[in-house]
Amino acid sequence: MSIPHVGSLALFLAFAMMIISGVSFLLTALGRKNLFELGRKAYSLQIVFVTFAAAILYYLFFTHDFSVKYVVEYSSSDLPFFYLLSSFWGGQEGTYLLWAVLSSLFGLFILYRAKQYTNWGMFFHSLVHLFLFSVMVFALSPFRTLDFAQAEGAGLNPLLQDPWMVIHPPIMFCAFAMAGVPFALALAALMKKDFSQWLKVTFPYVAMTSFGLILANVLGGYWAYKTLGWGGYWAWDPVENTSFVPWVTSVGLIHGMIVERRTGALRRANLLVSMTLFLLIIYGTFLTRSGVLADFSVHSFVDLGMNGILVGFMLGYLMLGLTVFLFSRTPEKVGKPLNYNIFSRDFIMFSGMALFVILGLVVLFWSSLPLITRYLTPNPSAADVSTYNAFAFPFAIIISLFLTFSPILMGPGLKVENMKSRALIAVIIALVISGALFLLELISITIAIAALIYLSIMIIYLSEKSILKHVTRGFILAAIGIIVALFLGVRQIEYLFFIAAALIAAGAHMNIIVQYLPKRPDLAGGHLCHFGFGLMLVGILASSAFSVNEQVVIPRNQQSAAFDYAIAYHGTGGSIMQKDNEILLTLEKNGSQVDARPKFFYIQRMESMMKKPFIKKSLFYDLYISPQDIQELPHSPGLKLAKGESARVEDFEFKFINFDMGSHGASEGISVGAILEVTHNGRIDTLLPRLVSNPNAAQGGPNMLSEPAKLTGSKSYDVHIEQVFAGEGAVSFSIPGLIEHSAPDRVILDISRKPAINLLWLGTTLIFLGMVMVIYYRFKKQ
């Protein structure tokens, strides 16, 4: 039996063990307690076999077994270790196997920590595995062999040959796999009609899913920023959105679960959203792998003929979830009523949950537009970036509003007198302000609506003096931010409003973080997330809306200016047909020089050019240099003379005497000189321009540098050697101002300055840190 066949057998055995364990846990849940041990052992064997299958696939990659179709399509023998490692998830087959391995391992959380939900939870979790193993066993096995072994593989997509792509997909699939745990536990709680522990058991896995999703999204965004050369990190691509929607849904679920933990409210909503989180991932899997997005996303997979399986399982999970939810009738499922007091913490948390879930649904709708229009019109279409920005912008403002007051309203709610009259006055003031700004065409209709909501609620809250004093730091931070923005030239009311809302929210959490971190770190994680969220919003706006672009065209060996930098182009490190071909640039500012090496080369596999930018980072902004093209120019070698040959240019008579070969110094390499006799107004001068070895050539600079000779006439000129024609015994010269040497090519660069982008990365880092703290302390309390 060949190694690939052993891999197929391992997958089949894992599939068989999954069936046995799933049935055993189902029967155990129905009362056959003696079958639990059989289910546990079968599940352990499932993990062993699926892990063994993954190990075999790695063995095939590292031994370059090009008799295996998947290995041929996604690897080659010249790939370095880490990219062979990531070849595993270069295509659909490998990602399903990775997903199955991770999901099987995460099932151990249910097996050993789910308490009374273990048996039903393991059964429903086995249904998740039924999908993954069915795909690999019946449709897309990574161990399919070719009729004839290939001599070499096609290689890994060059876009994926990046360190960030080594870690981004596994983290994303960790999140996908983890989402199956809350799905199974919600169904288990509904089947048992026992909700006494489900929240405590489930919450850490929802938090881990959310953490994995945002971490993967940010890593993917950073990869796009530093690799793809289009200058951004998020494009509202439908495939990107299929992981964004589950993330915002998981954030909403976390807030709903906090409300339920405090008061017992929102139980039904939390159960539904727990199941929906997993269904969204399955729906996203369908969108990205069915081929419906092939014309609308650079990330989409092509249709591999498994849409029937995808649609079948997607509908099956949906029907299963709805059926169990609707037929699980018990008063306990309803939970307690929600406190709708606007001054209560529960209302704030509920608002956060609702906003994130609604945002997810809106993004989901627009992301599904290619699928919807596919069946309604002859020309399917997708939503453009401006469509997404039009609603995401107001959502961010309103979310910032509730973030602002979440650390302040801690109790069941203040009892406020004259609430109706306060609310009426607040709405009238907000309506006048937002309406006036809209009528004066200073803000759009969507921002006007957001402003109406924001100002109304803000005024109501601030009418309470006990609340006002807690928001002071937020207002101070917002004032500083607005002053800085005005100083930098920002005049758009919408942008200033956005910055103020985000910074007020961030500032409102600063004091709480300072208080909690040393004494109650278990309570600081959420506030750290909120603070980071506010910074992230400012970073997103500043780095996108205030990004400034310039396009420069620089002939070789010349320079141009952009953003106070003198940028010189010295040619390329190799051919554009060579992978990782570098463009040789030098940036100079205030006497300081930096070498810049953006990459520009042709990708045969994608039949397109690859543009990798160079990013010069600083505290306040990134200078982003993206190559757009290298164009050949009509060539003029300058003044070309053979030995003994003369030529007259204006009042000068030039005669090339001979070469002067020699060392430029023992430690500095060789030099080539050209003895040139120049006659001018009866005077004869002998000049010796040289080409000398470049000591920095190893760092990507040109191999030879020009050492010009000085020519003096009515004006002073520099005489350069441009090219040596050793076979002809000739040399060409350029004398700027007298004899020009045309550049062989020119580079076109798109250069942008992205202010405050570090706030984006700092904010997301703080969110990661806060979520890790939340997860750690939740596990600790279990």
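Name the strands (runs of 3 or more DSSP E) wholly inside the stretch 557-644 in which the number of residues that are touching a Lys or Arg at 6+ places or on another chain (Cβ under 8 Å) is 3 or more.
565-572, 583-589, 599-603, 608-612, 621-632
Give the residue that is farthest from Ile372 (Cα to Cα), with candidates limited to residues of the stretch 287-329 that are at pLDDT 85 or above and open to solvent by less than 30 Å² (accessible area, probe 1.4 Å). So the residue we want is Ser328. Checking each residue in the stretch 456-482 for being under 15 Å from Arg422 (Cα atoms) and under 33 Å from the mean Cα position of the chain (by Cα) picks out no residue at all. Residues in the stretch 310-341 that are in contact with a helix residue (DSSP H, G or I) (Cβ under 6 Å, 6 or more places away or on another chain), under 13 Å from Val135 (Cβ atoms) and of a type outside the set (Phe, Trp, Tyr): Leu310, Met314. Across the stretch 484-524, the qualifying residues are those that are open to solvent by 60 Å² or more (accessible area, probe 1.4 Å) and over 30 Å from Ile445 (Cα atoms), and the one among them that is nearest to the chain's Cα centre (by Cα) is Met510. Has the stretch 494-511 got any residue that is outside any helix (DSSP H, G or I), touching a residue at least 12 places away in the same chain (Cβ under 8 Å) and in contact with a helix residue (DSSP H, G or I) (Cβ under 8 Å, 6 or more places away or on another chain)? The answer is no, given that none of the residues of the stretch 494-511 is outside any helix (DSSP H, G or I), touching a residue at least 12 places away in the same chain (Cβ under 8 Å) and in contact with a helix residue (DSSP H, G or I) (Cβ under 8 Å, 6 or more places away or on another chain). Look at the stretch 94-110 and say how many of its residues are of a type outside the set (Ser, Thr, Tyr) and either open to solvent by less than 10 Å² (accessible area, probe 1.4 Å) or touching a Leu at 6+ places or on another chain (Cβ under 7 Å) (or both). Summing the residues that are of a type outside the set (Ser, Thr, Tyr) and either open to solvent by less than 10 Å² (accessible area, probe 1.4 Å) or touching a Leu at 6+ places or on another chain (Cβ under 7 Å) (or both) in the stretch 94-110 gives 6.
One residue alone among Trp234, Trp198, Trp247 is of a type in the set (Phe, Trp, Tyr), open to solvent by 10 Å² or more (accessible area, probe 1.4 Å), at pLDDT 90 or above and in contact with a helix residue (DSSP H, G or I) (Cβ under 6 Å, 6 or more places away or on another chain), and that residue is Trp247.
Looking at the stretch 201-220, which of its residues are under 13 Å from the mean Cα position of the chain (by Cα) and within 22 Å of Ile399 (Cα to Cα)?
The initial filter retains those residues of the stretch 201-220 that are under 13 Å from the mean Cα position of the chain (by Cα), namely 212-220.
If the condition is that a residue be under 13 Å from the mean Cα position of the chain (by Cα) and within 22 Å of Ile399 (Cα to Cα), then Gly212, Leu213, Ile214, Leu215, Asn217, Val218 are the ones that fit.
Yes or no, residue by residue, for (1) more than 26 Å from Val357 (Cβ to Cβ); (2) small (Gly, Ala, Ser):
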site	(1), (2)
Phe391	no, no
Leu455	no, no
Ser463	yes, yes
Leu468	yes, no
Gly474	no, yes
Leu477	yes, no
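Only one entry in Phe66, Phe25, Phe36 is open to solvent by 10 Å² or more (accessible area, probe 1.4 Å) and either small (Gly, Ala, Ser) or assigned to a helix (DSSP H, G or I) (or both), namely Phe36. Scanning the stretch 136-158 for residues that are on the phi < 0 side of the Ramachandran plot and open to solvent by less than 30 Å² (accessible area, probe 1.4 Å) yields Met136, Leu140, Ser141, Pro142, Phe143, Gly153, Leu156, Pro158.
Filtering the stretch 1-22 to residues that are open to solvent by less than 60 Å² (accessible area, probe 1.4 Å) and of a type in the set (A, V, I, L, M, F, W, C) leaves Val6, Ala10, Leu11, Leu13, Ala14, Phe15, Ala16, Met17, Met18. Scanning the stretch 752-772 for residues that are open to solvent by less than 30 Å² (accessible area, probe 1.4 Å), of a type in the set (A, V, I, L, M, F, W, C) and farther than 13 Å from Ser618 by Cα yields Leu760, Ile767, Met771. Just one of the numbered conditions (1) open to solvent by 80 Å² or more (accessible area, probe 1.4 Å); (2) under 28 Å from Gly526 (Cα atoms) is not true of Lys420: (2). The set of residues in the stretch 602-632 being open to solvent by less than 50 Å² (accessible area, probe 1.4 Å), touching a residue at least 60 places away in the same chain (Cβ under 8 Å) and within 25 Å of Pro555 (Cα to Cα) consists of Ile603, Met610, Lys612, Pro613, Ile615, Asp622, Leu623, Tyr624, Ile625, Ser626, Pro627, Ile630. Residues in the stretch 136-162 that are under 15 Å from Ser76 (Cα atoms) and at pLDDT 85 or above: Ala149, Gln150, Ala151, Glu152, Gly153, Ala154, Gly155, Leu156, Gln161. Among the residues of the stretch 479-505, none is identified as under 19 Å from Cys529 (Cα atoms) and at pLDDT below 90.
Using the structure shown, decide if Ser381 is in a helix (DSSP H, G or I) and of a type in the set (Gly, Ala, Ser).
In short, no.
The values are calculated or read from the model by the stated rules, or taken from the named source; none is laboratory data. All values derive from a computational prediction rather than experimental measurement. Counting neighbours? That spans all protein chains shown, and the Cβs are built from the backbone with ideal geometry, glycine included. To get the accessible areas, we keep the full protein, side chains included, count just its heavy atoms, and leave off ligands, DNA and RNA. Shrake-Rupley method; radii C 1.70, N 1.55, O 1.52, S 1.80 Å.
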